[in-house]
Amino acid sequence: MRQRPLTGQNWRRRSAFSPTAALVATALLAMGGMAYRVTAGRLEHRAIGTPVQPGTLERLPLTLGEWTGRDTPLDDRIIQATDTDDHVNRTYRRLRTREAVALFVAYGVRPRDLMPHRPEVCYPGAGWTHDETRVETLTSAGGTPLPCQVHRFHRGGLEYKRIAVLNYYLVDGRVCADVSALRRRTWQRPVRAGYIAQVQIACADASPPEMGERTVRCFAIDSVDAIRALLQEAVDDNSH
């Protein structure tokens, strides 16, 4: 059966990002990854990062380029399960095109707390089927190289759903596509790292699938410089 082109009312309906969908990426962070914790347990006392004040990530601007954000509170149980020292969870929408994404940024003092919560682990563990993962390198408006992973998942049944998830890590100002940089940092000396953060950007129910991937890429490009600057400023303030 042929799909209708994504124009006018048809596009607006398909691109709607419900509150439930906005929580998909972040809620799934609390699920899965238990086997990985066994290995990560050996890293308990290594690569301790610089603590930041609670609420630091909430200072991320609500306006990022053409995107306007709105905080989406998380349940305390989910926050505890994510093992984060600070986080921000928001929905950002671009009014001109009605595109929307769910943004979750997690700050961790210990790498082992961020390692288990990866899209390729948590989404299949929550019933999503993994379709594809690609490693890409984007470039921000400010010229920052942005290596990242772009994942595509779907969930079948009567309510068929698709989701695109872009994931990367920030380690002392360096953008990393996967946890390999965290592992290297963990075994380095001295053990203290400046900061370690994970960023996940999700776009749900986009059709065709390429639309969701395009949306998460656009937002990543528009937001990475602001996220990195905020974290660096917070770490510098707490190091003095």
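Remarks
- Residues (open to solvent by 10 Å² or more (accessible area, probe 1.4 Å) and under 14 Å from VAL121 (Cα atoms)) located in segment 142-153: GLN149, ARG152
- Highlighted here are the helices (runs of 4 or more DSSP H) found entirely within segment 30-134 that include at least 3 residues which are under 24 Å from PRO209 (Cβ atoms) and modelled with pLDDT of 70 or more: 119-125.
- Identity of the residue in segment 222-234, open to solvent by less than 50 Å² (accessible area, probe 1.4 Å) and touching a strand residue (DSSP E or B) at 6+ places or on another chain (Cβ under 7 Å), that ends up nearest to GLY173 (Cα to Cα): LEU231
- Only one of GLN188, GLN200, GLN232 that is out of contact with any Cys (no Cβ under 6 Å at 6 or more places or on another chain) and at pLDDT 90 or above: GLN200
- Once segment 85-108 is narrowed to residues that are free of Cβ contacts under 8 Å to residues at least 60 places away in the same chain and under 13 Å from the mean Cα position of the chain (by Cα), the residue that is most open to solvent (accessible area, probe 1.4 Å) is HIS87.
The values are calculated or read from the model by the stated rules, or taken from the named source; none is laboratory data. All values derive from a computational prediction rather than experimental measurement. Note that we place each Cβ from the backbone using ideal geometry, even for glycine, and neighbour counts take in every protein chain shown. Areas reflect the complete protein model, heavy atoms only, side chains present, ligands, DNA and RNA absent. Shrake-Rupley method; radii C 1.70, N 1.55, O 1.52, S 1.80 Å.
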